[in-house]
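Inspection log for the structure reproduced underneath, given as structure tokens.
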Amino acid sequence: MKLNIAVLAGDGIGPEISAQGVAVMQAVCQKFGHEATFTPALVGAAAIDAVGDPFPEDTYEICKKADAVLFSSVGDPKFDNNPNAKVRPEQGLLAMRKKLGLFANIRPVQTFDCLIHKSPLKDELVRGADFVCIRELTGGMYFGEKKEGDDYAYDTNAYSREEVERILKVAYAYAQRRRKHLTVVDKANVLASSRLWRKVAQEMAPKYPDVTTDFMYVDNASMRMIQEPTFFDVMVTENTFGDILTDEGSCITGSMGLLPSASTGESTPVFEPIHGSWPQAKGLNIANPLAQILSVAMLFEYFNLVKEGALVRKAVDASLDANVRTPEIQVADGSKYGTKEVGAWIVDWINKA
Ligand code: IPM
Ligand code: MG
């Protein structure tokens, strides 16, 4: 298969983990006889610095023409503490989501047995937790009408029936492939937009008799994720709730550096780690490349390249078992591996597999 990949490395640790993701993808493609080409493009603060736009037209064109985007991270502290900044790196990510119509964000929350001790939750609570959060990604407050004045500001949480239906379809498809349990997370006791979500979901549920649908308020869901994360199979929710709940999801597994995600919709799909740009770690060779590498597994799986995806996952498991780990998940035996060393070890394992 020919795969034309746009590589958007972005800011902070982005370029370092991106290089490892690309190297792993190359190794797998070589093994299976796929022809992959990689086209780098600017995004985030790097793009603002270079051309004054966090998602330049050139980058959009490269993404549009690509089969998939391998994205890393955006964000730079020089913008964070400046509420008057005219343009921000994060706008690049939002523009990409909107322009590529990436309405479905798939965020799997999975534990790794060998890292359970790193979870802030007790072993018996978190062991076996394995769910997917399907986050709506191009609607809601992120994109609704806003006003930003000195004394008054608002954001609008608007959703249309069509937007709700199409994301619920994605969620049901996931539930059907998994343990057939869908939890619709909303705030229907307070928000009109949530009541529309609930109404549409209640109308659709009978069309999926093999799936058990339940409803949960978002405050309750955030509690349940801590108290009984194994309750969930597939969870679907709006943009803002999904943003918050997936950060919570990522930390209960023990390391945020391990979770990949996929954003899909109307145009080129994007595969990216769920973590941010960790500017403090930039250039230090300490960032965990596994979330990026697992994004490559999701990329293969999206194209139905099941064996390729499985090989990446096996290689990641092998690196964890061999304690070839970046500092934040290192067990205290003194061995030290950086971003590059972990990536190189995985590439080597794939070559020999
Ligand atoms: C995420 C991030 C983004 C979001 C930021 C960087 C704009 O937190 O992908 O979860 O809020 O969607
Ligand atoms: Mg977030």
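The values are calculated or read from the model by the stated rules, or taken from the named source; none is laboratory data. Bear in mind the structure is a predicted one, so any value in this text is a computation, not a measurement. Using ideal geometry, Cβ is built from the backbone for each residue, glycine included, and neighbour counts are taken over all protein chains shown. Note: areas computed on protein heavy atoms with side chains; ligands, DNA, RNA excluded. Shrake-Rupley method; radii C 1.70, N 1.55, O 1.52, S 1.80 Å.
Structural remarks
- Computed over the stretch 104-258, relative contact order equals 36 percent, with contacts defined as Cα pairs under 8 Å that lie 6+ residues apart.
- For the stretch 70-150, with all protein chains in place and a probe radius of 1.4 Å, 49% of the accessible heavy-atom surface sits on carbon or sulfur.
- Check: the chain dipole with +1 on Lys, Arg Cβ and -1 on Asp, Glu Cβ, in debye: 780 debye
- The aspartates and glutamates whose alpha-carbon is closer than 17 Å to the alpha-carbon of Lys207, local same-chain residues fewer than 8 away aside, are Glu162, Glu165.
- Number of Lys-Lys pairs in the stretch 1-94 with C-alpha atoms under 17 Å apart and a separation of 8 or more places or on different chains: 4.
- Taking the stretch 35-152 and dividing mean pair separation by its residue count, relative contact order in percent (alpha carbons under 8 Å, at least six apart): 22 percent
- Counting only DSSP H runs of at least 4 residues, each contributing -39500 (n - 2.57), and dividing by the residue count of the chain, the helix-based mean residue ellipticity at 222 nm comes to -13000 deg cm²/dmol.
- Once you reduce the stretch 222-239 and the stretch 122-164 to the center of their Cα atoms, the two points are 14 Å from each other.
- Net charge of neighbours whose Cβ lies under 13 Å from the Cβ of Val211, counting Lys and Arg as +1 and Asp and Glu as -1: +3
- Within the chain, longest stretch free of exposed GluC sites (Glu not before Pro) [DSSP loop, at most 14 other beta carbons within 10 Å]: 1-144
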